[in-house]
Amino acid sequence: MFKPGAIPKQVTLRESAARILLAQIMSGELNEGEIYSVAMVATNLGISPTPVREAVLELADKGLLTVHKNRGFTIPVLTKPMMQEIHHIRFLLEAPSTVRAGMQLSDADAAELRDLAEMTVEAAKSGDLVNYVELDREFHGRFLSVLEMPLLVRLIMDYRDRARLIGLRARLGSDEIIEAAKEHIALVDAAVARDEAALARIIANHLEMTLKRSLEGC
């Protein structure tokens, strides 16, 4: 679960703890309803409780976990109807926004995003859960950023974070996840070609497969 030495040096301890916790929430590694103590998480990560506590409060503000005073935190239970609603919102917001962003992508944007997409594929192959989740989030956030609509992008990313991909760590390295990661490259190619139909098809498939994987754990 929580792995010592997993924290990269180029970011703060709070940011690193938040990234690790987010990856474990999204992958379903943290069990819904189970109480986790800040002290236990800090010990397993090999850091002091303060940055972990700050990370927990940050994620609680986003509704991704619930803090229980003097006890720790829990992961909210998501039912099948709740997961379906989350993904319905993603289809409404993320799909058309991704198509619109792709049609506006510059050559410089495309080059940067292609690098991110290739890194995401490598992370999917390596089985590095935290790196995979972080690169996947960075790719989609960067792709949408060309819209210059930060409130919309923040909303979309919030609902991405709320989705659960139960058993994701175990599936990393599988053909299924690697192919999903390769769709990032296909999105960039479609954007460069200004192929609106392809952009719509790729992001729709991407979201449909994410919904399928999410519902498997409900």
Next item on the list: Go through 156, 202, 177 for me and flag whichever is assigned to a helix (DSSP H, G or I), of a type in the set (Val, Ile, Thr), under 18 Å from residue 98 (Cβ atoms) and touching a residue at least 40 places away in the same chain (Cβ under 8 Å).
Entry: 156
Item checked: Options 198, 110, 180, 117: the member that is in contact with a His (Cβ under 6 Å, 6 or more places away or on another chain) and open to solvent by less than 20 Å² (accessible area, probe 1.4 Å) -> 117
Checklist line | Tabulated pairs, segment 18-37, first more than 15 Å from residue 163 (Cα to Cα) and open to solvent by less than 40 Å² (accessible area, probe 1.4 Å), second aromatic (Phe, Trp, Tyr) and part of a loop (DSSP other than H, G, I, E, B), C-beta under 8 angstrom, 6+ apart or interchain | finding: 20/2
Notebook entry, point to check: What single numbered condition from (1) exposed (fewer than 14 other Cβ atoms within 10 Å of the Cβ); (2) in contact (Cβ under 8 Å) with a residue 12 or more places away in the chain fails to hold for residue 92?
Noted result: (2)
Check: Does segment 162-173 contain at least one residue that is surrounded by fewer than 21 Cβ atoms within 10 Å (Cβ to Cβ), under 25 Å from residue 100 (Cα atoms) and over 15 Å from the mean Cα position of the chain (by Cα)?
Finding: no
Next item on the list: Could you tell me whether residue 148 is at positive phi, open to solvent by 40 Å² or more (accessible area, probe 1.4 Å) and not aromatic (Phe, Trp, Tyr)?
Entry: yes
Next item on the list: Filter segment 53-83 for residues that are in a helix (DSSP H, G or I), in contact with a helix residue (DSSP H, G or I) (Cβ under 8 Å, 6 or more places away or on another chain) and exposed (fewer than 14 other Cβ atoms within 10 Å of the Cβ) and give the result.
Entry: 80
Item checked: The one condition in (1) under 30 Å from residue 32 (Cβ atoms); (2) out of contact with any Asp or Glu (no Cβ under 9 Å at 6 or more places or on another chain) that residue 120 fails to fulfil -> (2)
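The values are calculated or read from the model by the stated rules, or taken from the named source; none is laboratory data. Because the structure is a prediction, the values reported are computed rather than measured. Neighbour counts are summed over all protein chains in view; Cβ atoms, including those assigned to glycine, are modelled from backbone coordinates with ideal geometry. In case anyone asks, the SASA skips ligands and DNA or RNA and just uses the protein heavy atoms, side chains included. Shrake-Rupley method; radii C 1.70, N 1.55, O 1.52, S 1.80 Å.
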